[in-house]
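Derivation of every value follows stated rules applied to the coordinates shown; laboratory data play no part. Remember, it's a predicted structure, so these values are computed and weren't measured experimentally. Counting neighbours? That spans all protein chains shown, and the Cβs are built from the backbone with ideal geometry, glycine included.
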Amino acid sequence: MSGYPIDRIAVTKEAGASPLLQRAIAAWPGAEVEQAQAAPEGDGLAMAADPVAQGKRTLVLVKNRGRFIRKCPGTMGLICCNYWVIDLVEGCAIDCSYCVLQGYLTDRRIRLAVNFDDMERELDTELAATDGPIRLGTGELSDSLMFDHELGISSMLIAMVRQRPRVTLELKTKTVNIDSILDTKPVENVVIAWSLNAPAIAYGEERGAASIEQRIQAASRAVAAGWKVAFHFDPLVIHDEWEAGYRQTAALLAEAVDPARVEWISLGALRFHPSMKDVIRRRFGAEGILKGEFALCPNKMRYAKPLRRRLFSTVKNALQEALPGAPLYLCMEGAEMWKAVFGALPQAMPRNAPMKRLFA
Ligand code: SF4
């Protein structure tokens, strides 16, 4: 079991027949099971001392009536990595100080859509409408593996893409919940990805996540079992001794992971909507990650360009030394930053053949 507590399981009438409900009841036998209230306020969370933390202890099973799969819209002027998102789970049991979900989702509870058949149909429609590859993942509004030992969602997703080779499924996590994946024969178009950071940031800012050492050990086990892996150094945070911290994580990776099995590594610098400052201060106390020189550009707070350039270059150099040949890319940055850090735009980077696949 993963150890993430759930006190309440709420289910809508339409989702009541899903086998996921029985799995949830078996996984959290002490949880109250009740009919879901349509509006999140009906769940009394607004009165809780910390509605965000409280919401993480309620699992809601619903039928998704909207879209499951959407292309990441990117941002005007920034280079897009052609990522597709599956909105299967909204909300997360982990609690990161920088998490955009704290301010983004109106429903604080963890919502799991149970109508997988509709999701599969939608994926086939998207595949029919495009000739190219689709790289998609569930880790945008949640952690892909947080409840995997309880609910086995990864095996349902892996079964979905196994017969659809044009799709690459990325399961992105800060946990070590890979036991049920490792019980399965590796699938060529599935990548298990870990979000990584400097150990001090993981320790201080990512409540409920596995330590960096544990995540890297899990990645090492996945590689040994024949799975492809990826890493996301996002958000990179400027903090005391940050250079040493990121070099330490890169060195741990070098000891544990064969670079040939690394599909991609992304680098993204800390960014947040200005309204998040109050949420972070209120929920996490001290200034923490808010220390630093930020500029509003255009509607998010980001480190000033020279700082970001130094941050990216330092981490890139450490990773190129640690995992030679592993494809690196920048997340949410423009052409100027790509040229400053890599000396080229992604399409023109000769060493990184997989980059051409991502940025075609
Ligand atoms: S793991 Fe991701 S989704 Fe979950 S709290 Fe942290 S940043 Fe948010």
How would Phe68, Phe233 line up from fewest to most surrounding beta-carbon atoms within 10 angstrom?
Phe68, Phe233
Once Glu122 and Glu32 are pulled to full extension, the length gained, defined as 0.36 nm per residue separation minus their Cα-Cα distance, is 29.1 nm
Cut-off of 10 Å, at most 13 other beta carbons, DSSP loop: longest stretch of the chain lacking such GluC sites (Glu not before Pro)
1-187
Computed FRET value (nearest 0.05) for Thr184 with Gln347, which takes r as the C-beta separation and R₀ as 25 Å:
0.15
Quote the FRET efficiency, to the nearest 0.05, computed for Glu321 versus Lys277 with a Förster distance R0 of 35 Å and r equal to the Cβ-Cβ distance.
0.50
Can you compute the modelled spin-label distance between Asp7 and Thr75, with each label point 7 Å from Cα toward Cβ, in nm?
3.6
Sorted from fewest to most neighbouring beta carbons within 10 Å, what does the list Asp234, Asp278, Asp131 look like?
Asp131, Asp278, Asp234
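Pull up the DSSP beta bridges for the chain and report the antiparallel fraction as a percent, rounded to 5.
25
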When Tyr98, Tyr83 are ordered from fewest to most other Cβ atoms inside 10 Å of their Cβ, what list results?
Tyr83, Tyr98
Under 5 Å from the placed amide H of Ile69, counting only residues 5+ away or on other chains, we find Asp87
Members of Lys63/Lys185; Lys185/Lys228; Lys63/Lys228; Lys174/Lys228; Lys228/Lys339 lying beyond 20 Å, as alpha-carbon distances in this model show
Lys63/Lys185; Lys63/Lys228; Lys228/Lys339
Can you pull the one-decimal nm distance between simple spin-label points at Glu287 and Asn82, each 7 Å off the Cα toward Cβ?
4.3
To the nearest 20 debye, region 201-360 has a Cα-centred charge dipole, built from +1 on Lys and Arg Cβ and -1 on Asp and Glu Cβ, of 500
Run the helix sum for the chain: -39,500 (n - 2.57) per DSSP H stretch of 4+ residues, divided by residue count, reported at 222 nm to the nearest 500 deg cm²/dmol.
-10000 deg cm²/dmol
At a Förster radius of 35 Å, what calculated FRET efficiency corresponds to the Cβ-Cβ distance of Asp240 and Asp50, to the nearest 0.05?
0.80
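Test of understanding: what is the full-extension gain from Ile25 to Met156, defined as 0.36 nm times their sequence separation minus their Cα-Cα distance?
Values: separation 131, 0.36 × 131 = 47.16 nm, distance 1.86 nm.
Roughly 45.3 nm would be gained on extension.
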At 0.36 nm per residue, and after removing the present C-alpha to C-alpha distance, how many nm does the segment from Lys305 to Thr130 gain when stretched out fully?
59.4 nm
How big is the antiparallel share of DSSP beta bridges in region 204-342, given as a percent to the nearest 5?
40
Are there cysteines in the chain with no second cysteine's Cβ under 4.7 Å away, and if so, which?
Cys72, Cys80, Cys81, Cys92, Cys297, Cys331
Choose one of Ala344, Leu323, Asn82: the residue whose Cα lies farthest towards the positive end of the charge dipole of the chain (beta-carbon charges +1 Lys, Arg; -1 Asp, Glu; about the Cα centre).
Ala344
